[in-house]
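What follows is calculated from the coordinates using simple rules that are stated; it is not laboratory data. Because the structure is a prediction, the values reported are computed rather than measured. Here the Cβ positions follow ideal geometry from the backbone for every residue, glycine too, while neighbour counts run over all protein chains shown.
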Amino acid sequence: MARVVLRTVNLKKSFGGIRALDGVSIEIREGEFVGLIGPNGSGKSTLFNVISGVYKPDSGRVYLFGQDVTGWEPHRLYRLGLVRGFQVPRLWGKMLVVENAATAARDRLGVGPLSSVLDRSRWLRWEADESERGLTGRVHRVLEKLNIFHVSMNRASEISGGQMKLTDISRALLGEAKVLLLDEPTAGVAPKLSRDIFEILQELNRQGLTIFVIEHRLEVLFDYVERVIVMHEGRVLTEGAPEEVSRDPRVLDAYLGSA
Amino acid sequence: MVVNAAVVLYGTIGSLLDGLLLGSLYGLMALGLTLIFRVTKIANFAYAEYITYAGYAAFAVSSMLAGGVTAFIAGLVAAMAVGAVASLFSDELAFKPLWHRGADSLTLLVASMGVGFVMRYSLLGAAVFANWPLQVQPNVANPVLATIGGLAYVSGAHVAAVVAAIVTAVGMHILFTKTRTGKAMRATASNPVLARISGINIYYIRRLTWLLAGAIGGLAGFLYSYYNPLNPESGWQMLLWIFAAAIMGGFTFYGALLSGIILGLAEAVMGFYMSTFLHISTAYSPVIALIALVLVLLFRPEGVIRLETHMLRRRV
Amino acid sequence: MATELEGILAQWLTYFAIYGIMALSFNIEYGFTGIPNFGKVLFVAVGAYAAGVLASTLVLMLAAPALGVEVVASGEPSYCTAAAKVVFSQAGQVLSTTTLFAIFLAAVLAAAVAGAATSIVASFPALRLREDFLAITLLAAGEILRLVTWTSVWPVCSFNGISGIPSPFTHFLGRVDVLYAGLSLLFLLAAWFYTEYATNSPWGRALKAVRDDEVAAEVYGYNVASIRMQSLLVGSALAGIAGALLVFYSGNVNAGTFRPDMTFEVIAAVILGGAANNLGTLLGAAVISALLILMNPSSLDALGVTLPQGLLNALPYLKYVILGIVILLVLMYRPQGVIPEGPLKTPIVEKTRRKLREYLARVGGQPGAGRQ
């Protein structure tokens with residue numbers, strides 16, 4: 001069995017007396033494609049925020065590739081290979097779409113007040129490179145794949161909601177994660193496009209990427225993921241294969257609010 | 001210089017009294033700043049100029065009169081009216097249009113500095129152009145009510161400042177927490193759109209806020225000039241103190257008053273001791289307030305003395 | 001008449017150079033990174049004091065023995081004494097141009113280092129406070145420094161300041177002011193090239209990312225704290241250099257110069273020209289420095305403009321009234337500035353622009369027609 005790449009142990013997090021996470025323990029194995037579902041307010045986004053270091057947990061641990069990363073800042077987790085997208089896309093609004101994508105890309109040169117000047121010829125060459133490893137090549141391929149290349153020269157704040165969502169996903173893909181967390185990648189996106197997004201994710205998953213995704217469109221999600229974790233009131237309610245979960249009466253109860 | 005015990009005793013009493021006076025005035029000024037910040041979220045640098053303008057108005061009006069009670073009342077009314085009008089105008093001409101365009105808090109802060117510049121330097125320019133005296137004081141006597149040991153004294157200004165500050169702080173607190181208008185102000189502050197939908201005339205509330213804040217500034221300006229001559233830069237020179245008091249008080253009314261008094265006392269008393277025992281120039285005493293401001297912002301940006309919750313910390 | 005015009009032009013160019021460097025520095029912090037460093041004058045002052053102290057100390061060390069002047073100080077820095085002023089005024093007799101230039105360059109370097117070092121202190125609040133409170137904190141910090149240096153003999157001779165610091169052009173005859181303007185412009189040019197190269201780069205993208213959404217910047221691997229610090233470090237080093245240039249321009253350094261008004265002038269330049277746009281920033285600096293120079297009785301006199309005495313007296317204040325009005329009008333009617341922010345000049349943007357044009361030619365669309 002593949003090794004565990006992401007593990008949380010008894011995570012707890014409260015906001016002003018409200019228990020958002022009440023002892024969450026999960027395990028994600030290498031190469032898995034896992035869905036995270038649950039009714040609104042069940043703590044899904046908080047779990048993502050705690051795992052990705054945006055919030056610090058009150059107690060409990062987070063392990064990434066076997067390393068205890070509890071309370072690490074997000075940029076250190078990125079270096080280990082964890083990348084996440086946002087439910088409401090947090091784009092860099094005054095920058096172009098292509099700049100948003102390029103900024104998120106892994107392998108960086110020239111990020112510094114001195115290296116940007118002294119190392120100029122090297123980063124210029126790397127950035128202009130349209131081949132497999134060059135920045136321009138990678139960015140263009142991802143933007144074309146997500147079908148947003150035609151807005152690449154628009155400001156990120158001046159495109160449609162669906163395009164913003166795709167731009168956020170392009171950043172996540174260019175982050176070249178080993179573990180990718182996506183928070184509702186299809187929220188506010190046309191139904192046809194939702195499936196396209198999941199097709200792309202499935203393709204990446206087959207190439208070895210571990211994906212953990214929050215999704216409300218269960219009919220789409222269940223066609224792609226191997227395993228689903230269900231959260232309710234800050235806890236893991238149940239988990240299992242999509243067909244098992246969809247037959248579990250507790251899940252329906254949780255969604256109907258009578259659990 | 002040999003430090004004489006009596007000098008120290010009466011000097012201490014005197015500096016305590018002066019500190020109380022100055023502190024009450026800082027606190028009073030901070031009340032207006034607090035009101036504006038609470039309702040419109042503007043850290044208003046132009047607020048200092050309402051104080052200065054009010055002091056000048058009091059001077060102008062009272063000079064035309066023979067002095068006495070009439071001049072006192074006329075000066076007070078003129079100061080509060082000019083403070084209120086200056087405040088309302090700066091909102092109508094600068095802040096409100098910017099707010100309509102969705103300006104963020106930093107843009108509004110820069111704009112308030114711009115308004116402050118225009119007001120302060122037009123007053124300076126006009127004063128130089130028309131050869132006005134550069135130091136003015138209303139034509140109202142400040143009677144000495146009691147002297148202590150020949151060094152410390154209590155004057156009309158002392159009593160007036162303390163009473164005015166306390167009454168205003170209590171009044172503002174009651175207005176904000178107990179009345180319908182106060183509720184409307186709080187609603188406007190937290191969610192203007194919702195406030196509007198629920199039938200609150202947010203423009204009326206906004207105008208009322210600015211008028212009231214300006215009038216408080218005017219009152220403070222009058223009392224300050226009643227005690228101490230005013231120049232076109234007086235307000236500006238006090239502004240960082242006013243901010244210090246408002247921020248230390250966590251932008252609550254009682255908090256602002258208490259913080260103002262603490263800062264005033266610290267400035268006067270420490271200034272006195274530093275000059276008497278350490279022979280350090282009193283010019284350093286402003287540094288106390290500034291350092292207090294910086295320390296508060298760094299370590300407890302939500303305020304030290306706060307009587308209501310208010311989050312100011314950077315949200316991540 | 002002509003020489004007077006030359007004088008005004010030289011004065012304007014010098015101011016343009018100095019304000020240009022300050023504005024570029026503020027633009028890196030505020031325009032690109034979103035840090036409202038309203039304590040700009042603090043870093044300029046630190047640079048100026050560092051330059052003034054180092055230059056005057058060096059001149060004393062090198063010139064006093066040769067001149068046979070004994071400088072005795074009691075409780076104050078030696079460069080504050082009257083004897084030091086004598087040495088400064090006669091330093092040209094014993095110090096060569098090479099030495100004077102070396103002193104000048106050492107002072108500028110010291111100013112940059114001192115400015116950068118101070119920024120480490122400023123980064124402490126910059127990582128913790130929301131924007132408007134950060135602005136107030138830094139403004140207050142600047143005022144603290146001004147008040148302390150105004151009253152304290154150490155290190156800058158209280159309100160008298162250090163005066164008579166010899167210019168590197170002491171041995172030159174003729175238009176020294178023009179030469180100094182040229183020298184300042186060289187520094188501006190260097191600052192401009194550095195800023196253009198440094199910001200039109202992956203680093204510039206990182207700065208803008210921190211400005212536009214710091215959480216997203218963190219999640220995509222940028223250490224926001226360290227990027228803010230880098231921005232402040234560069235900005236403050238540049239501000240320090242501007243301070244040093246100011247010292248050698250007048251020969252004096254004193255606390256009275258470093259009023260918060262100077263910060264406001266710089267803010268005005270950047271907002272007017274266009275934040276996050278280096279060219280706009282320079283344009284803003286050119287306009288603001290012209291305003292500062294022209295609204296001066298002596299300049300108007302030289303230009304042959306006659307005004308009533310009362311108005312002449314009010315002129316130094318009127319220029320700030322105009323400055324305030326300009327800021328308000330820009331904020332209201334053109335908040336993006338005269339030259340708005342554009343994409344960074346990087347290869348990926350160029351390549352994308354070209355490829356998009358080909359793509360659109362193929363599908364027959366219009367650029368920017370992507371909005372749906």
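Points to keep in mind about this one:
- Computed over region C:1-52, Cα set: Rg, Dmax in Å: 14.7, 46
- nm² value of the averaged projected area, convex hull over the Cα atoms of the protein assembly as shown: 46.4 nm²
- Helix-derived mean residue ellipticity, 222 nm - over chain B, DSSP H n ≥ 4, -39500 (n - 2.57), to 500: -24500 deg cm²/dmol
- Peptide C:124-134 is shielded by partner chain Cβ atoms: per residue, an average of 6 of them sit within 10 Å of its Cβ.
- Where only DSSP H runs of four or more residues are counted, chain A gives -10500 deg cm²/dmol as its mean residue ellipticity at 222 nm, each run worth -39500 (n - 2.57).
- With a simple spin-label model that places each label point 7 Å from the Cα along the Cα-to-Cβ direction, the separation between A:Phe15 and B:Val144 comes to 6.2 nm.
- Nearest 10 degrees, 0 to 90: helix C:202-212 Cα axis against chain C principal axis: 80 degrees
- For the Cα trace of region B:5-315, dividing Rg by the Kirkwood Rh returns an Rg/Rh value of 0.98.
- With Cα atoms, 0 to 90° folded angle of helix B:68-90 axis to chain B main axis: 40 degrees
- For the pair region B:46-111 / region A:67-146, the C-alpha centres are spaced 51 Å from each other.
- Residue among A:Arg79, A:Arg235, A:Arg133 with the largest mean-square fluctuation in a Gaussian network model of chain A, springs linking Cα atoms under 10 Å: A:Arg133
- Percent of Cα pairs exceeding the 16 Å cut-off, where the set is region B:234-284: 48 percent
- Helix-only CD estimate at 222 nm, as mean residue ellipticity for chain C, using -39500 (n - 2.57) per DSSP H run (n ≥ 4): -24000 deg cm²/dmol
- For chain A, Kirkwood radius (reciprocal of mean inverse C-alpha pair distance, Å): 19.2 Å
- Expressed in Å, the radius of gyration and Dmax of the Cα atoms of region C:304-361 are 22.5, 66.
- Debye intensity ratio I(q)/I(0), log10, region C:110-236, q values 0.12, 0.17 Å⁻¹ (C-alpha model): -0.70, -1.09
- Diffusion constant of region A:6-98 at 10 °C, which comes from Stokes-Einstein with the Kirkwood Cα-pair radius and 1.306 mPa s, µm²/s: 111 µm²/s
- Along its first, second and third principal axes, ordered by size, region C:192-302 spans 58, 26, 25 Å in Cα coordinates.
- Beyond 27 Å, the tail of the calculated P(r) for region C:2-259 holds 41 percent of the Cα pairs.
- Extreme residue, positive dipole direction of region B:5-315, given options B:Gly221, B:Gly199, B:Ala94 (C-beta unit charges): B:Gly199
- Note on region B:75-227: Rg/Rh from Cα positions, Kirkwood definition for Rh, rounded to two decimals, is 1.06.
- Counting neighbouring beta carbons within 10 Å and listing from fewest to most, the residues B:Phe272, C:Phe32 come out as B:Phe272, C:Phe32.
- When each of B:Lys41/B:Lys96; A:Lys165/B:Lys41; A:Lys56/A:Lys165; A:Lys56/B:Lys41; A:Lys94/C:Lys40 is checked by Cα-Cα distance, pairs over 20 Å: A:Lys165/B:Lys41; A:Lys56/A:Lys165; A:Lys56/B:Lys41; A:Lys94/C:Lys40
- Using alpha-carbon coordinates, inclination of helix B:47-63 to the longest axis of chain B, degrees: 60 degrees
- Cα convex hull of region B:129-218, projected area averaged across orientations, nm²: 10.2 nm²
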